[in-house]
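Colleague: Next up is a structure, given as structure tokens.
The values are calculated or read from the model by the stated rules, or taken from the named source; none is laboratory data. All figures in this text were calculated on a predicted structure; none of them were measured in a lab. With ideal geometry, Cβ positions are generated from the backbone for all residues, glycine too; neighbour counts draw on all protein chains shown.
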Amino acid sequence: MKSKHSVKIIVVLAVLLFSLFYTLPSTKMWDNAFGTISPAEQYAVPQRLLEYSAGDDGASALIKFQVDRMAEIFNRVKDPARTDDVLNNVVDTARKALVDMGAEVRVFNPDYVNGNVSLRVAGKSKDEAQALLNGARLYSKLPLIVTSLFPRSKITLGLDLKGGIDLVYQVDLNSIQENDSITDAVSRSVEIIRNRIDMFGIAEPSIKSQDGNRIRIQLPGVKDPERVKQLIQNTAMLQFHMVKDQALTAAQLEPISPEGEIVLMQPGTNRQQAMWFKLVRKPEVTGRDLKYAKVSFDDMGAPIVHLEFNAEGAAKFAQVTGSHIGEQLAIVLDNKVHSAPVIQSRITGGMAQITGRFSLEEAQNLAIVLRAGALPASLIALESRVVGPTLGQESIKAGWSAGIIGTLLVLLFMAFFYKFCGILADMAVLFNTLIIFAVLVFFGGTLTLPGIAGLILTIGFAVDANVIIFERIKEEFRSGKTVRAAINAGFDRAFTCIIDSNVTTLLTVAILYIFGSGPIRGFATTLGVGLIANVFTAIICVKLALDLYYSGERARTLSI
């Protein structure tokens with residue numbers, strides 16, 4: 001290896017490692033080898049602490065998840081994680097994975113004091129439950145120190161490939177408070193919706209304001225559109241009011257003082273009749289005093305929402321509960337009474353719970369909207385478009401089929417017409433594609449169907465540069481130059497032509513990206529990245545490979 005090539009070799013190897021580093025997590029091999037939950041969560045709720053046992057009913061199995069309180073995630077100096085949150089997240093991920101595998105699973109016997117939560121798997125033995133969990137690929141098969149070296153980012157598929165929903169909402173101008181402007185209400189709504197979607201766990205959402213008071217939301221990969229719509233539209237106005245009276249009908253609560261009292265309903269259920277409450281109009285505590293909200297489980301395994309107030313809210317809550325022992329305190333969410341428990345004693349520490357026969361998804365939604373905050377105004381749904389995952393899969397299949405067939409034809413053409421040099425060009429094309437995927441992951445880009453079209457077009461541009469170079473090398477070699485001299489002359493004389501063609505195309509790509517939107521930008525992004533990668537692979541990588549190969553005895557003949 002000659003010293004003059006050392007820098008080039010280091011650069012090429014660095015780009016190759018970068019590309020593999022950011023592309024590998026997007027492959028199926030990654031999930032099989034490294035697990036679907038993050039390395040930090042695997043340290044926090046390790047596989048070695050899992051316990052499997054037979055259920056006390058003789059017809060189920062129990063899987064106990066136990067936290068390791070010594071894990072780094074719980075002992076960070078800045079923003080340490082909550083053990084309950086991490087435990088619930090891992091357990092919920094496991095529950096969803098087992099349900100997708102056809103098992104009947106529910107949370108059983110949560111014990112947050114000792115840091116463990118169990119899942120009851122119906123109709124399975126202990127060994128069958130263990131085999132199911134192993135098949136869910138939650139935990140890494142390799143040492144965690146290896147998985148920790150790689151990023152968690154993956155290729156994000158767009159709405160047209162992954163399926164999902166495209167929503168358009170309009171901010172209700174009549175619901176905006178007097179001291180808020182339309183612009184401020186819309187911008188705050190966008191931020192709060194983004195926070196809710198991020199907490200829900202949807203990758204790469206697109207949330208933008210449009211036409212004054214409209215908001216467009218594109219969410220790829222959503223499997224439950226109705227749940228997401230409810231999560232977005234829920235204004236989440238949380239208030240605690242003292243109860244003055246209650247009855248089965250609103251008429252039974254009269255007379256009412258409009259200035260100091262309000263009447264709100266607690267909706268009925270299959271098990272409970274609807275109830276009307278006369279409340280003190282001014283709330284004692286509101287959602288503005290809330291510090292945190294999370295899902296937990298009661299002693300029976302039923303989901304509840306645990307609330308934690310900030311310092312000011314905790315003081316208010318302690319004062320109101322201490323002054324009204326024996327009275328009812330109504331928990332009001334979006335102008336509906338959710339529950340109205342009787343105050344048994346003064347509650348200090350700023351803790352409270354919301355119960356009410358939630359499903360796990362309902363409790364998770366409520367906790368999310370409470371943490372993200374209340375919307376400043378109501379939202380009116382204008383448009384809802386659902387792209388089914390089947391249509392997305394068909395688009396992926398069609399796009400990749402076209403890409404694979406086109407790529408194979410190009411690779412075969414290059415190998416047939418240019419022999420060894422053509423094989424090097426084929427390797428450069430594959431390297432070029434790898435770089436595109438890595439850059440998309442690194443910058444958080446989204447791969448769409450037009451993006452795949454741009455990727456396929458990039459392959460044509462990639463071999464085009466090599467064709468120009470190889471034809472110039474052929475001409476120089478036929479004119480009587482040595483192999484090394486022909487290679488150098490071929491690259492030198494083709495360089496200007498390649499740069500000119502790529503620069504002019506990049507100008508067009510830039511215009512498409514600046515003035516285009518959505519799918520047009522996706523096409524421009526992959527094509528632009530591919531053109532830049534093409535210059536690197538064609539001029540640097542192929543030239544380096546030829547210089548290294550055609551040295552010594554091999555420099556007498558040229559396979560082209």
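Colleague: Assess whether T433 counts as being among the β-branched types (V, I, T), under 30 Å from G164 (Cα atoms) and at pLDDT 85 or above.
Modeller: Yes; evaluated as a whole, the condition is true for this residue.
Colleague: Also, I was wondering about something else. Can you find a residue that is outside any strand (DSSP E or B), surrounded by fewer than 17 Cβ atoms within 10 Å (Cβ to Cβ), outside the structural domain of N195 (by TED's automatic domain parsing) and of a type in the set (K, R) anywhere in the range 323-346?
Modeller: yes
Colleague: Here's a follow-up. Name the single residue that is farthest from G158 (Cα to Cα) among those in the range 418-445 being β-branched (V, I, T) and under 20 Å from the mean Cα position of the chain (by Cα).
Modeller: This residue is V439.
Colleague: Okay, moving on. Name the residue that is modelled with the lowest pLDDT, counting only residues in the range 478-499 that are assigned to a loop (DSSP other than H, G, I, E, B) and either of a type outside the set (V, I, T) or within 16 Å of I468 (Cα to Cα) (or both).
Modeller: G480
Colleague: Another question about this same structure. Got a number for residues in the range 403-417 being within 39 Å of the chain's Cα centre (by Cα) and in contact (Cβ under 8 Å) with a residue 24 or more places away in the chain?
Modeller: 4
Colleague: Quick one: count up the residues across the range 273-299 that are in a loop (DSSP other than H, G, I, E, B) and either within 26 Å of N109 (Cα to Cα) or touching an Asp or Glu at 6+ places or on another chain (Cβ under 8 Å) (or both).
Modeller: Qualifying residue count, the range 273-299: 3.
Colleague: Right, here's the next one. Being assigned to a helix (DSSP H, G or I) and surrounded by 22 or more Cβ atoms within 10 Å (Cβ to Cβ) narrows it down to one of A453, A462, so name that one.
Modeller: A462
Colleague: Then there is this: With the requirement that a residue be in a loop (DSSP other than H, G, I, E, B) and buried (at least 17 other Cβ atoms within 10 Å of the Cβ), what does the range 300-318 give you?
Modeller: A302
Yes/no matrix, rows are residues, columns are (1) among the aromatic types (F, W, Y); (2) touching a helix residue (DSSP H, G or I) at 6+ places or on another chain (Cβ under 7 Å); (3) assigned by TED's automatic domain parsing to the domain that holds T505:
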position: L434; (1), (2), (3): no, yes, yes
position: L440; (1), (2), (3): no, no, yes
position: F443; (1), (2), (3): yes, no, yes
position: A453; (1), (2), (3): no, yes, yes
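Colleague: Between A538, A510, A485, A489, which is among the small types (G, A, S) and either within 16 Å of M427 (Cα to Cα) or in contact (Cβ under 8 Å) with a residue 24 or more places away in the chain (or both)?
Modeller: Numbers: A510 fails: either within 16 Å of M427 (Cα to Cα) or in contact (Cβ under 8 Å) with a residue 24 or more places away in the chain (or both); A485 fails: either within 16 Å of M427 (Cα to Cα) or in contact (Cβ under 8 Å) with a residue 24 or more places away in the chain (or both); A489 fails: either within 16 Å of M427 (Cα to Cα) or in contact (Cβ under 8 Å) with a residue 24 or more places away in the chain (or both).
After ruling out the rest, the residue left standing is A538.
Colleague: What about Q364, is it over 29 Å from N174 (Cβ atoms), touching a residue at least 60 places away in the same chain (Cβ under 8 Å) and part of a helix (DSSP H, G or I)?
Modeller: yes
Colleague: Please go through the range 118-161 and give me each residue that is at pLDDT below 75 and basic (K, R), ordered by number.
Modeller: R152
Colleague: Let me ask another. Out of everything in the range 343-398 that is in contact with an Asp or Glu (Cβ under 6 Å, 6 or more places away or on another chain) and polar (S, T, N, Q), what residue ends up being modelled with the lowest pLDDT?
Modeller: S395
Colleague: Looking at V190, V186, V146, which is the one that is part of a helix (DSSP H, G or I) and within 30 Å of L434 (Cα to Cα)?
Modeller: V146
Colleague: A further question follows. Residues that are surrounded by fewer than 16 Cβ atoms within 10 Å (Cβ to Cβ), more than 30 Å from the chain's Cα centre (by Cα) and not hydrophobic (A, V, I, L, M, F, W, C): does the range 26-41 have at least one?
Modeller: no
Colleague: Check the range 43-54 and report whether any residue there is in the same structural domain as T83 (by TED's automatic domain parsing), surrounded by fewer than 17 Cβ atoms within 10 Å (Cβ to Cβ), farther than 17 Å from L133 by Cβ and without any contact (Cβ under 8 Å) to a residue 24 or more places away in the chain.
Modeller: No, because not a single residue in the range 43-54 is in the same structural domain as T83 (by TED's automatic domain parsing), surrounded by fewer than 17 Cβ atoms within 10 Å (Cβ to Cβ), farther than 17 Å from L133 by Cβ and without any contact (Cβ under 8 Å) to a residue 24 or more places away in the chain.
Colleague: Filter the range 124-148 down to residues that are over 24 Å from K64 (Cα atoms) and under 20 Å from the mean Cα position of the chain (by Cα) and give me whichever is surrounded by the most Cβ atoms within 10 Å (Cβ to Cβ).
Modeller: Going residue by residue through the range 124-148, those that are over 24 Å from K64 (Cα atoms) are 145-148.
If we keep only those that are under 20 Å from the mean Cα position of the chain (by Cα) too, we end up with 147-148.
Values: T147: 19, S148: 15.
Result: T147.
Colleague: Between V280, V285, V243, which is within 25 Å of Q344 (Cα to Cα) and without any contact (Cβ under 8 Å) to a residue 40 or more places away in the chain?
Modeller: V280
Colleague: Go through the range 523-540 and give me each residue that's surrounded by 22 or more Cβ atoms within 10 Å (Cβ to Cβ) and either modelled with pLDDT under 80 or more than 15 Å from L457 (Cα to Cα) (or both).
Modeller: T537, A538 - these are the residues of the range 523-540 that are surrounded by 22 or more Cβ atoms within 10 Å (Cβ to Cβ) and either modelled with pLDDT under 80 or more than 15 Å from L457 (Cα to Cα) (or both).
Colleague: State whether the residues of the range 466-477 include one that is in a helix (DSSP H, G or I), surrounded by fewer than 18 Cβ atoms within 10 Å (Cβ to Cβ), of a type in the set (K, R) and at pLDDT 85 or above.
Modeller: yes
Colleague: Considering only the range 27-42, I want to know if a residue exists there that is over 25 Å from K154 (Cβ atoms), modelled with pLDDT of 85 or more and in contact with a helix residue (DSSP H, G or I) (Cβ under 9 Å, 6 or more places away or on another chain). Lay out the reasoning, then the answer.
Modeller: Here is the first cut: in the range 27-42, the ones over 25 Å from K154 (Cβ atoms) are none.
The answer is no; no qualifying residue exists.
Colleague: Now a separate question. Show the residue pairs that are 6+ apart or on different chains and have beta-carbon atoms under 9 Å apart, the first residue being within the range 105-133 and at positive phi, the second being among the acidic types (D, E).
Modeller: Close Cβ pairs satisfying both conditions: N109/D299; G115/D68; G115/D84; G123/E104.
Colleague: With the requirement that a residue be more than 15 Å from Q364 (Cβ to Cβ) and in contact (Cβ under 8 Å) with a residue 24 or more places away in the chain, what does the range 69-85 give you?
Modeller: Within the range 69-85, R69, A71, E72, I73, F74, A81, R82, T83 meet the criteria.
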